[in-house]
1. List every residue whose amide H lies under 5 Å from the amide H of L45, counting only residues 5 or more places away in sequence or on a different chain, with H placed 1.01 Å from N in the peptide plane.
2. Pop a pseudo-label 7 angstrom from the Cα along the beta-carbon direction at both T185 and S158 and give the gap in nm to one decimal.
3. Can you compute 3J(HN,Hα) from phi for each residue in region 98-109, using the Karplus curve 6.51 cos²θ - 1.76 cosθ + 1.60 with θ = phi - 60°, rounded to whole Hz and x for Gly and Pro?
4. Among the aspartates and glutamates, select those whose C-alpha is under 13 Å from the C-alpha of K211, and discard any that sit fewer than 8 residues away in the same chain.
5. Based on DSSP, what percent of beta bridges with both residues in region 20-161 are antiparallel, to the nearest 5?
6. I'd like the Karplus ³J(HN,Hα) series for region 110-115: coefficients 6.51, -1.76, 1.60, θ = phi - 60°, whole numbers in Hz, and an x wherever there's a Gly or Pro.
7. Can you list the HN-Hα couplings for region 15-30, worked out from phi with the Karplus curve (6.51, -1.76, 1.60; θ = phi - 60°), rounded to whole Hz and with x for Gly and Pro?
8. At 7 Å along Cα-to-Cβ for each site, give me the label-to-label distance between A165 and E25 in nm.
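Throughout, read-outs are computed from the coordinates displayed, never taken from laboratory work. On a predicted model such as this, the values are computed, not experimentally measured, just so you know. Note that each Cβ is placed from the backbone with ideal geometry, even for glycine, and that neighbours are counted across all protein chains shown.
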Amino acid sequence: MLVIMAKAPRPRKVKTRLARSLSVEAVTELYRCLLDDTMALAHSLPGVKVAIMCPASDVQELAQLAGGATSVVAQQGDGLAAALTSVFAHFAASGRQRIVAFNSDTPHLPASVLAGAFGMLTAHDVVVGPTHDGGYYLVGAKAHHAALFQGDGMGTTSALDALLACARGLQLSVGFTDPFYDIDTEGDLTRLAAELRLAPARAPRTAAWLKQWQQVAPRLRSAAGDL
């Protein structure tokens, strides 16, 4: 089971760090493109069921965006730790033996990395995909461990360290997929745009948005400098 951690694409509710360099409307549209491409990536894996875990207030909107092929489940509680705990509590209880939770802003990740995460769960209790900024873009497990996401670093640059500390405390073996990057800053967008210019099929909706953004962004900066 591959579970996308998502929110409804609403203004000022998604990718808020990008609002420092982009308009609220642009951030919201970008997130919708990232989410659409993430769902396409998830469904490209053969034999893997896909679901979305989200805040209860977002279920109806995300169900409409996802269509009938993707189930949408409301998390119990607020925040990222509660959402991740909900993923494994919900799907382990339904009999799933290999569950991977994946963020909604890394649609450019090679599908082979996701497939490899499921493979690692045959030999490890937990699998983690580290990001270059100290977080992680995916986490998988074969069972529900209620204390796995109780560290103090959730959502910060120490998130990975907090997760690994919890895993050690629970005596869980951990495997790692390749380090990667998600989209939090304008620098991340610039890097992603360069990659998708060469291979737009990896995330076509995001590639189209980024192409337009790179045409408009220099003019916006020039106008701002003239004020």
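1. none
2. Using points 7 Å along Cα→Cβ, the separation is 2.0 nm.
3. 9, 10, 10, 9, 10, 6, 9, 10, 9, x, 7, 5
4. E195
5. Working: 9 of 13 bridges.
Expressed as a percentage, antiparallel bridges in region 20-161 total about 70.
6. Ordered by residue, 3J(HN,Hα) equals x, 4, 5, 5, 5, 4 Hz.
7. Running phi through 6.51 cos²θ - 1.76 cosθ + 1.60 with θ = phi - 60° gives 6, 5, 5, 6, 5, 5, 10, 10, 5, 4, 5, 5, 4, 5, 5, 4 Hz.
8. 4.4
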